[in-house]
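Participant: Before I ask anything, let me first share the structure, which is written out below as structure tokens.
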Amino acid sequence: MSSTAALLVVAAALHNTPTAAAAAAAPIVGAIRWDAYFSQPGEKAFEDPNFGIVTRTTTFDMSPKKWHYRVPFFGKEINDTAILANGNTPEIMGQELQYAQDHGIKFWSFCNYPIGCKEKHPPASACPGIQCCADNVGLSYAWNLYLEHPDRHKVNFTLLLQPGYWFHGQESGSNETWAEELDRYVSYFKMPNYQLVDAGGAKGRPLVFSFGREINQTHLQEFRAATKAAIGVYPYFVSMNGQKLPEIDAQSHYGGGDPSLNGSAYKTHLAEVEVKTWEAWAAAGTKAVPTVSAGHDARPRSEWPMPWGPKYWSPKYVKDPTMPELQSHVTDGLKFVHDNPETAEVNMMLLSAWNEYDEGHFVAPVLDKYGGAEKLEAIKRAIDGFDASLP
């Protein structure tokens, strides 16, 4: 081997170490999507007794005037007690893609729901709460819009599976068999806009998140085997509920904070709480994708009779961040990823969330009169400022 070749080999080896990777590139920023604002087009969301129930609910719970500051940029204020919010058009998806690209969001992690149901109009007695396929299939409409949009290359995507609820779908009313569902997931992994990572000595591993109940280990093993057989690598699997299995590569979380009835301070009861979680992962040697939450205030849900049950929603909340506070916490996440390459081995962080409007941790734009894209602008300032600080 020549001296030049030897130097190239050494350089390549250094480039593939976590430290070198972190120094070479700024952290990748993604955002969770929960798409309750993309039901059937037009007014059908308010007519169909099943499809669109989640969109109807989130529209009604944000209808009081005091919650109008959360209305999505594509929504409308009808009066002081009514709003409309249904973004199910290619034009709206195009605007979202542009907003994300312009403000440094590299990928969306879509909460996954069935894409079709065995029974579209089951009797109410068959559906405890809204845990019927037909009640929730509308939560896939935005994802379908994304997959069909000509500008989808602007923002990558990942799966965010929900074991015990919608993964796998065959057990939850989906019209797909388990084998068909696996084939569909693998087809996504082959798309040029699926978010891939390099980790564990393998390149191009599809990034997959899991949130909900604990995943069935056999399902996970079959999921991994199908992926490996199709594309030659295992998925990089990230749990958001603390579950640990040999097949789970890293930890993350979906929202956070320490709320109170009077409203806790964002900095001390959310931002600092999340930073301590990341630091605990690092101290324990746990691989992680840290999450930066943009808030924690689900009071609209606590005040409205939610069809999936009142027990989940409390009037306790964290006060919304100021834009400097949000910018500072995003910087916290970027700095942690950069400074802890062994823990944050895939060099990325998540925002919670893109569009959790009624749950109170959203970063996507609202109506201009209530601030428009100010949260995305704060995030962009953090990303640009951190990038500029890198050597």
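The values are calculated or read from the model by the stated rules, or taken from the named source; none is laboratory data. Source: prediction; values computed, not measured. FYI the Cβ positions are ideal-geometry reconstructions off the backbone, even for glycines, and counts take in every protein chain you see.
Participant: What strands (runs of 3 or more DSSP E) lie completely within segment 185-254 and have 1 or more residues being more than 16 Å from the chain's Cα centre (by Cα)?
Facilitator: 196-199, 202-210
Participant: Right, next: Can you tell me which of GLY256, GLY232 is of a type outside the set (A, V, I, L, M) and modelled with pLDDT under 95?
Facilitator: The unique qualifying residue is GLY256.
Participant: Looking at ALA134, ALA126, ALA100, can you tell me which residue is modelled with pLDDT of 90 or more and among the hydrophobic types (A, V, I, L, M, F, W, C)?
Facilitator: Of the residues listed, the single one that is modelled with pLDDT of 90 or more and among the hydrophobic types (A, V, I, L, M, F, W, C) is ALA100.
Participant: Looking at segment 41-74, which of its residues are surrounded by 20 or more Cβ atoms within 10 Å (Cβ to Cβ), assigned to a loop (DSSP other than H, G, I, E, B) and either acidic (Asp, Glu) or modelled with pLDDT under 95 (or both)?
Facilitator: ASN50, PHE51, GLY52
Participant: Also, I was wondering about something else. Run down LYS267, LYS316 and say which single residue is buried (at least 18 other Cβ atoms within 10 Å of the Cβ) and in contact (Cβ under 8 Å) with a residue 12 or more places away in the chain.
Facilitator: LYS316
Participant: Inspect all residues belonging to segment 125-148 and state whether any of them is in a loop (DSSP other than H, G, I, E, B) and among the aromatic types (Phe, Trp, Tyr).
Facilitator: No, there is no match, as no residue in segment 125-148 is in a loop (DSSP other than H, G, I, E, B) and among the aromatic types (Phe, Trp, Tyr).
Participant: Still on this structure, please answer the following. Test of understanding: among GLU148, GLU247, GLU181, which residue is in contact with a Ser or Thr (Cβ under 9 Å, 6 or more places away or on another chain), among the charged types (D, E, K, R) and either closer than 18 Å to PHE107 by Cβ or at pLDDT 95 or above (or both)?
Facilitator: On inspection, the qualifying residue turns out to be GLU181.
Participant: Only one of (1) more than 30 Å from GLN131 (Cα to Cα); (2) in contact (Cβ under 8 Å) with a residue 40 or more places away in the chain fails for VAL273. Which number is that?
Facilitator: The number of the failed condition is (2).
Participant: Checking the conditions here, which among ARG205, ARG224 is crowded, with 19+ Cβ neighbours inside 10 Å, of a type in the set (Lys, Arg), under 24 Å from ALA344 (Cα atoms) and touching a residue at least 12 places away in the same chain (Cβ under 8 Å)?
Facilitator: Every option except ARG205 fails the conditions.
Participant: Select from segment 276-313 the residues that are without any contact (Cβ under 8 Å) to a residue 60 or more places away in the chain and in contact with a Lys or Arg (Cβ under 8 Å, 6 or more places away or on another chain) and list them in ascending order.
Facilitator: Listed by number, the residues that qualify are TYR312, TRP313.
Participant: Consider segment 345-363. How many of its residues are farther than 27 Å from PRO259 by Cα and touching a helix residue (DSSP H, G or I) at 6+ places or on another chain (Cβ under 8 Å)?
Facilitator: Summing the residues that are farther than 27 Å from PRO259 by Cα and touching a helix residue (DSSP H, G or I) at 6+ places or on another chain (Cβ under 8 Å) in segment 345-363 gives 2.
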